[in-house]
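Reading through the structure tokens given below for one structure.
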Amino acid sequence: MNKKEAKERIENLRKQTEYYAKKYYDDDNPEISDFEYDMLMVELRNLEKEYPEFKSKDSLTEKVGGHVKEGFEKVTHEVPLQSLQDVFSIAEVNEYIGKTNEKAEENNIKNRTYVVETKIDGLSAALEYRKGKFVRGATRGNGLVGEDVTQNLKTIKTIPMELKENIDIIVRGEVFISKKDFEKMNKEREEKEEELFANARNAAAGSLRQLDSKVTKKRPLNIYIFNVQKIDDKQFNSHFEELEYLAKLGFNVNPVRIPCKDEKEVEEAIKKIGKEREKLTFDIDGAVVKVDDLKFREILGTTAKTPRWAIAYKYPPEKKETKLKDIVCQVGRTGVITPMAILEPVKVAGSTISKTTLHNEDFIKEKDLKIGDTVVIQKAGDVIPEIVEVKKNKRTGEEKEFEMPKVCPVCGAEAVREEGEAAIRCTGIECPAKLYRNLVHFASREAMNIDGLGEAIIKQLLDKGLISNMADIYTLKLEDIASLKKNGIKFAQNLIDSINRSKQNDLYRLITAFGIRHVGAKVSKVLAKRYKTMDMLMNVTSEELAMVEDIGPIASNSIREFFLQEQTIDLIQRLKQAGVNMKYLEEEGEDNRFEGKTFVLTGTLEKYTRGEAGSIIEKFGGKTSSSVSKKTDYVLAGEEAGSKLTKAQNLGVTILSEEEFEELIK
């Protein structure tokens, strides 16, 4: 590699590491594994060492990643919260110990012992106590300045609000979520169809950095203290002695702390932690080797980023080979069909893996996966198992190609993949896999607006077998509903009345309630007004739909596919029999004063939300848009209106104040 190539590679690595560090530290949403990031940093560090003329203070090899999140007060750390130098082999550990021992020899240091601790995979924080009382806590941030998260830290039960001695002290610890609590959290999120956390570290970091401490309180955060940053009127000789004292004060101290007298014992401690890491109740991403003698630490000193008295040994991700026995498809609550790998059970990083997600059709093609393949399994971030490699040289010729299903494996409805999407979805409106979600949407305020028919009641009705599709809502009896609650007659009567009222809803509400992909309330109103009846809408072609304003080719295909499904036809027939209105209810003397007019809403209105103002505009036949153009007729501007207002002024678009808007709708 010549100098020009080296410079280009260094610049590219800096951009990559800055980007991935931001995703990890600031967004709590990493895009690559810790190991992949570490390897990029190793390459960057080696290149900067080989070509020192290209070194920069802005490189992440010279500074700690992370920034202060907007919304938090900044805290300047009295003692910097540095990061550790990573090493990836026992040889590098021994080299480090050799160098520190040489330094000890030079300075006549007799105590050359070490302490090996678990490197907890969480978010670092500093806790400050005055006269024994907890007064402030902050995240590491960039090492020099962090975020004031005092209120959030107060929600962590293992942080003492008052110590057993009346002292001034600042300690450093790692906030984390235990393996058991993490699994429970993700299971609950999966049931609610919320995005899963990638690993426990991100869950902990995101929880601690919440602007609302009420959210943090709901998260099962814990903390282990591992260092004294500053203490007044107290002297210690060793780090191990400090840790013992912290435990006596009432701190939850890192439970794995192994004193070692030489490099052989350090190596044994690292291997012991590696061997038993799966038995730990918390995740780790390495073992920390620390010089024990505190006076010797002062002699060794620090760099701008790392202390010279400690290093972090990073364990390599464990990989195992196994057989891909089969690929089966699961249907989620949103209708997404996900392929799952069925594996010959194999133990990876302490867990027995027998299946893992294959994400989507593109992932299978990219990996060139076939049923019967020998594959390599790795736990991404030591949490989520994934297939990282196919051993094509072990193929026998008996392997089978896999194709994603053309119909839903649960209900038999057509399975479609829309342009620009990786997911394949079930189109069946009565698919049991997504029935609960569909029913909740059907009864919601923006759809059929059935007051009283919320998530909990729908779940009870499903569990008791009282409903199995949307039309069954209209066959519910008073006694069925009353049985759900103690003394539930009044509640049941109110719900029955609400269900009956919903039969008289406008056609657009029913269209909205179907939950057709790419069709919200706005498009539903356009469809109801144009086609007047459900029968007319069911028979319209996708080509004709695509010609309708506000309905593009993707939405038109989605609408047509929906109404061609047997499940849809059957459901609509049963809703008709139940007396649900199927017609557009054109109001007498309908006021279309804004017909053909386009409004853009910007800023904060005093009397209306944007949604309410938009509904009023649509009620009078107008439409709303999210962007200003020459075709915009009015911009309704509230307080703190920004770039949209400026653009409207430049284009000569009519600007309306809230008072002027009210004059128009009188």
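The values are calculated or read from the model by the stated rules, or taken from the named source; none is laboratory data. All figures in this text were calculated on a predicted structure; none of them were measured in a lab. Backbone-built Cβ (ideal geometry, glycine too); neighbour counts: all protein chains shown.
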Quiz item: Are there any pairs, at least 6 apart or on different chains, whose C-beta atoms fall under 8 Å, with the first in segment 63-92 and more than 24 Å from Arg130 (Cβ to Cβ) and in the same structural domain as Glu117 (by TED's automatic domain parsing) and the second modelled with pLDDT under 90 and outside any loop (DSSP other than H, G, I, E, B), and if so, which?
Solution: Asp86/Asp38; Asp86/Met41; Asp86/Val42; Phe88/Asp38; Phe88/Val42
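Within segment 477-490, does at least one residue satisfy the condition of being in a loop (DSSP other than H, G, I, E, B), in contact with a His (Cβ under 9 Å, 6 or more places away or on another chain) and not assigned by TED's automatic domain parsing to the domain that holds Lys623? It would help to see each step written out before you state the result.
Looking only at segment 477-490, we keep the residues that are in a loop (DSSP other than H, G, I, E, B), and these are 477, 483-488.
Then drop every residue that is not in contact with a His (Cβ under 9 Å, 6 or more places away or on another chain), which leaves none.
The answer is no, given that none of the residues of segment 477-490 is in a loop (DSSP other than H, G, I, E, B), in contact with a His (Cβ under 9 Å, 6 or more places away or on another chain) and not assigned by TED's automatic domain parsing to the domain that holds Lys623.
For every residue, the table says whether it meets (1) assigned by TED's automatic domain parsing to the domain that holds Lys529; (2) surrounded by 13 or more Cβ atoms within 10 Å (Cβ to Cβ); (3) out of contact with any Asp or Glu (no Cβ under 6 Å at 6 or more places or on another chain); (4) under 25 Å from Leu510 (Cα atoms).
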residue	(1), (2), (3), (4)
Asn592	no, no, yes, yes
Gly622	no, yes, yes, yes
Tyr634	no, yes, yes, no
Ile655	no, yes, yes, no
Glu659	no, no, yes, no
Quiz item: Can you name the residue in segment 641-652 that is touching a residue at least 12 places away in the same chain (Cβ under 8 Å) and out of contact with any Ser or Thr (no Cβ under 6 Å at 6 or more places or on another chain) and, of all such residues, is farthest from Arg593 (Cα to Cα)?
Solution: Gly642
Exercise. Specify the residue that is surrounded by the most Cβ atoms within 10 Å (Cβ to Cβ); the eligible residues are those in segment 459-473 that are assigned to a loop (DSSP other than H, G, I, E, B) and of a type outside the set (A, V, I, L, M, F, W, C).
Key: Asn469
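Every residue, every condition in (1) crowded, with 19+ Cβ neighbours inside 10 Å; (2) not hydrophobic (A, V, I, L, M, F, W, C), yes or no:
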site	(1), (2)
Ala304	no, no
Ile311	yes, no
Val328	no, no
Arg333	no, yes
Glu344	no, yes
Lys347	no, yes
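Is one or more of the residues making up segment 192-214 of a type in the set (D, E, K, R) and modelled with pLDDT of 90 or more? Outline the logic, then answer.
The first filter runs over segment 192-214 and keeps only residues of a type in the set (D, E, K, R), leaving 192-195, 201, 209, 212, 214.
Among the residues that remain, those that are also modelled with pLDDT of 90 or more are: none.
No, segment 192-214 contains no residue that is of a type in the set (D, E, K, R) and modelled with pLDDT of 90 or more.
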Quiz prompt | Elements of type helices (runs of 4 or more DSSP H) contained in segment 187-260, each with 3 or more residues being hydrophobic (A, V, I, L, M, F, W, C) and surrounded by 13 or more Cβ atoms within 10 Å (Cβ to Cβ) | solution = 200-208, 239-249
Quiz item: Of Glu298, Glu267, which residue is touching a residue at least 12 places away in the same chain (Cβ under 8 Å) and either surrounded by 18 or more Cβ atoms within 10 Å (Cβ to Cβ) or assigned to a helix (DSSP H, G or I) (or both)?
Solution: Glu267
